[in-house]
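Trainee: Mind having a look at this structure? Questions to follow.
Where a number appears in this text, it was derived from the coordinates with a stated rule and is not lab data. Keep in mind it's a predicted model, so treat the numbers as computed, not measured. All Cβ positions, even for glycine, are placed from backbone atoms using ideal geometry, and neighbour counts span all protein chains on display.
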Amino acid sequence: MAKLKIYPTREYLLECFDYKKENGELFWKRRPSSHFDGKTEWRVFNSRFTGKLAGCGCCDGRRVSVGKTIFFRHILIFIIETGRPPKNRLVKINGDFGDDRFSNLDIRNNGSVIRHTSGNFDAITTSNGKQSYAGRFSNPDDAQHKLAEIKEQIRKGHYVKKIRSAKNGFYGVRISAKGEIKAEIKVNGKKHNLGVFKSKQEASSAYQNAKKRISDGVFVETSPYRENKTGFVGVSKRREGYKAIYKRKYLGQFSTAELAHEAYLKAKNPPPTIADGLEMLRQLANEYGQ
């Protein structure tokens, strides 16, 4: 279960850091003893770090340890400036990852001009909660002008997001280097090969069927490394029945491949325990101060 990240408050951070707004840097203050578990730890920290630039040397100071949690410096600066953590990912407007000035931060879903690795500038905006690529420009002012035009269209309700056409005319279909027509689909961030077909129409049908099975919750992922003759991950055929294994742990032998695969899925996705539930409640309580 993913752990919730507890962010420090603005008041706490102002007790920790001397914030230089003009260059986006944080310097350690002499912190109060209430920040530490013991007086020895408090004295040692203040004697070593008071007045020094905050940040880990391994990443050019872009990560800062606050308590037992490490945060990116621009996240802490955003909290100091706004009083709350960002709800979405922050990007650097000028493309310089080391420039943590608040004026250089932009929340991705509000639209931004981002410097591309090619040296050009991408205009990114959002419509109905979805990001939209508005084009690439050689001049940041041109990109900003395009972004302003789209924002105005969105405000007036006239903006229509362009939908990119599918490659080869069919979604989920690609042509291999050998000229084979293949269908593939992405499940949980991984691509899965659906097979080789005689035509694009057949490959597209296989993709659409797999997509429907995913929405119905009955799609079975095949091994991304090698073809599994049983058709199920974690299942192998034995002389009598089928064997299920998860992370080299033997789960038992079953009469059918489906039953063996169910055992594999239970081992891969165990139900949450009472301890997991209590931990989540504790984190939620800390998050909302209750």
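Trainee: Modelled label-to-label distance, Ser34 and Phe72, 7 Å Cα→beta-carbon offset: nm?
Mentor: Rounded to a tenth, the inter-label distance reads 3.1 nm.
Trainee: Between Glu279 and Ser236, how many nm apart are label points set 7 Å from Cα along the C-beta direction?
Mentor: According to this spin-label approximation, the distance is 3.2 nm.
Trainee: On to the next question. Can you work out the Karplus-derived ³J(HN,Hα) for every residue in segment 246-259? Use 6.51 cos²θ - 1.76 cosθ + 1.60 with θ = phi - 60°, whole Hz, and x for glycine or proline.
Mentor: After applying 6.51 cos²θ - 1.76 cosθ + 1.60, I find 10, 6, 6, 9, 6, 9, x, 10, 10, 6, 10, 5, 5, 5 Hz.
Trainee: Which parts of segment 20-46 would a label at Ser65 reach, counting a residue when its backbone N lies under 18 Å from a point 7 Å out along Cα-to-Cβ?
Mentor: 26-32, 35-46, by backbone N distance to the label point.
Trainee: Oh, and also: Using 1/(1 + (r/R0)^6) with R0 = 51 angstrom and r between the beta carbons of Ser176 and Ser103, what's the FRET efficiency to the nearest 0.05? Intermediate results must be reported in sequence, preceding the final value.
Mentor: Details: r = 48 Å, r/R0 = 0.94.
Efficiency computed from Cβ-Cβ geometry: 0.60.
Trainee: Give, in nm to one decimal, the length gained when the segment between Asn120 and Asp96 is fully stretched (0.36 nm per residue of separation minus the Cα-Cα distance). If you can, show how the numbers build up before the last one.
Mentor: Working: separation 24, 0.36 × 24 = 8.64 nm, distance 1.35 nm.
Length gained, Asn120 through Asp96: 7.3 nm.
Trainee: Now a separate question. Roughly how many nanometres apart are two label points built 7 Å out from the Cα toward the Cβ at Val196 and Gln208?
Mentor: Taking the two extended label points, one gets 2.5 nm.
Trainee: Around Lys29, which amide H atoms from residues at least 5 apart in sequence, or from another chain, sit under 5 Å from its own amide H, with H modelled in the peptide plane?
Mentor: Phe17, Asp18, Gly51
Trainee: Follow-up. Compute log10 of I(q)/I(0) for segment 8-89 with the Debye formula, placing one identical point scatterer on every Cα and leaving out solvent, at q = 0.23 Å⁻¹, to two decimals.
Mentor: Summing over Cα pairs of segment 8-89 leads to -1.20.
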